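Each remark here refers to the structure printed beneath this line.
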Amino acid sequence: MDRKIMYAAIAVIAVVIIAGLAVGLGSNNNAQNKTNVTEIGSDTMLELMQMCAEDFNAESTTVSVSITGGGSGVGITKLIQGETDVAQASRAMTSAEAQNASTHGVEAVEFKVAIDGIAIITNGANTVTTLTLDQLANIYNGTYTNWNQVGGPDLAIVLYGRQPTSGTYQYFEEVVLKKGKTGASEYSSTMKQQTGNQQILSQVEQDPGAIGYVGVGYAKQGEGSVDVLNIQKNDTSIAYNALDENAVLNQSYSLSRYLYLYTNGVPTGAVKDWIAYVLSTDGGQRIVTDAGFYPLPSAVQQEMISKLG
């Protein structure tokens, strides 16, 4: 090869390599220059919010969002302590938490971002299809210990639930076990506490005597291997199912609830961009459906968007 041609070829290759490095470094710099938003909290919302963050991060050139679980109580505590930008919670903030936030100079602003129906799931081999709220309470407080006490097989009931930092644990305790109300009861000491919805789903799939409660998105994942029970408010009322979207949205289903994000004050900048994406029809609300939950009704969605200013 002619020496001049060889040198020219080497020069071209060098330019290509340098250009490639420049592009790579530019991409890295862009990633490093993004403003990072942290969000911590509900395990029920973890998969949903990670899906939202993945799409948002791919679209945004200025903001990067990282999502961590740990439970609704953990997320709210971290927000109050100034250790996260956003808290995700599968229950509303309690009055005690609101007071604690105020004491620490935190103005907690609440955003409803999706609707969930807590699904009561049993192993596919169980013949029980419907429970009243009282029966469900008596199962979880340990009064009923065999499925034949609610019309099922002669089989010991095995309870699966969440840990106390979970918003779902607390919501179930208030609505089903009626914490703080007349006739209230407590969780049975035999309940096997799990760290997340996926763990409960896996245990119920494997255990013929099992019963558990999970977000509806997780119940949909388990369709075919677990049964989702119908729930009645009492033994004379109509039974509804968490898989019935209309029943969840109009709250005919007794275990319907909102899912929330909390910020310290009305969000601005990067946090505002993130919340706006979660509330957007083509962004977060589309992903809410993809994740198996229910999107906000239009009126509620607009109300939440208006909070952003």
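Laid out as a table, the results:
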read-out	value
Helices (runs of 4 or more DSSP H) lying entirely in the range 211-309 (those with 2 or more residues that are under 29 Å from residue 85 (Cβ atoms))	216-221, 269-279, 284-290, 298-306
Lone unmet requirement of (1) more than 30 Å from residue 262 (Cα to Cα); (2) in contact with a strand residue (DSSP E or B) (Cβ under 6 Å, 6 or more places away or on another chain) for residue 138	(2)
Scan of the range 276-309 for residues that are touching a strand residue (DSSP E or B) at 6+ places or on another chain (Cβ under 7 Å) and farther than 16 Å from residue 50 by Cβ, ordered by number	279, 294, 295, 296, 300, 304, 307
Any strands (runs of 3 or more DSSP E) falling wholly within the range 103-169 and containing at least 2 residues that are charged (D, E, K, R), assigned by TED's automatic domain parsing to the domain that holds residue 242 and out of contact with any Leu (no Cβ under 6 Å at 6 or more places or on another chain)	none
Candidates 168, 122 - the one that is closer than 16 Å to residue 73 by Cβ and in contact (Cβ under 8 Å) with a residue 12 or more places away in the chain	168
Check on residue 247, under 20 Å from the mean Cα position of the chain (by Cα) and of a type in the set (A, V, I, L, M)	yes
Scope the range 185-206; condition in a loop (DSSP other than H, G, I, E, B) and either at pLDDT below 95 or hydroxyl-bearing (Ser, Thr, Tyr) (or both); matching residues	185, 187, 188, 189, 190, 195, 196
Check on residue 80, of a type outside the set (S, T, N, Q), surrounded by 16 or more Cβ atoms within 10 Å (Cβ to Cβ) and over 22 Å from residue 115 (Cβ atoms)	yes
Boolean, residue 152 is of a type in the set (Gly, Ala, Ser) and buried (at least 17 other Cβ atoms within 10 Å of the Cβ)	yes
Condition check for residue 251: in contact with a Pro (Cβ under 8 Å, 6 or more places away or on another chain) and free of Cβ contacts under 8 Å to residues at least 24 places away in the same chain	no
Within the range 48-69, tally of residues that are surrounded by fewer than 21 Cβ atoms within 10 Å (Cβ to Cβ) and either assigned to a helix (DSSP H, G or I) or of a type outside the set (Val, Ile, Thr) (or both)	10
Which listed residue, of 180, 217, 209, 224, is more than 24 Å from residue 122 (Cβ to Cβ) and of a type outside the set (D, E, K, R)	180
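Each row is one residue, and each column tells you yes or no for (1) touching a residue at least 24 places away in the same chain (Cβ under 8 Å); (2) of a type in the set (Val, Ile, Thr).
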{"residue": "236", "(1), (2)": "no, yes"}
{"residue": "247", "(1), (2)": "yes, no"}
{"residue": "269", "(1), (2)": "yes, no"}
{"residue": "275", "(1), (2)": "yes, yes"}
{"residue": "286", "(1), (2)": "no, no"}
{"residue": "295", "(1), (2)": "yes, no"}
{"residue": "301", "(1), (2)": "no, no"}
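Residues checked against (1) farther than 25 Å from residue 41 by Cα; (2) surrounded by fewer than 20 Cβ atoms within 10 Å (Cβ to Cβ):
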{"position": "169", "(1), (2)": "no, no"}
{"position": "183", "(1), (2)": "yes, yes"}
{"position": "211", "(1), (2)": "no, no"}
{"position": "225", "(1), (2)": "yes, yes"}
{"position": "231", "(1), (2)": "yes, no"}
{"position": "240", "(1), (2)": "yes, no"}
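The values are calculated or read from the model by the stated rules, or taken from the named source; none is laboratory data. What you see is a predicted model; the values in this text were computed from it and never measured. Neighbour counts run over all protein chains shown; Cβ positions are idealised from the backbone, glycine included.
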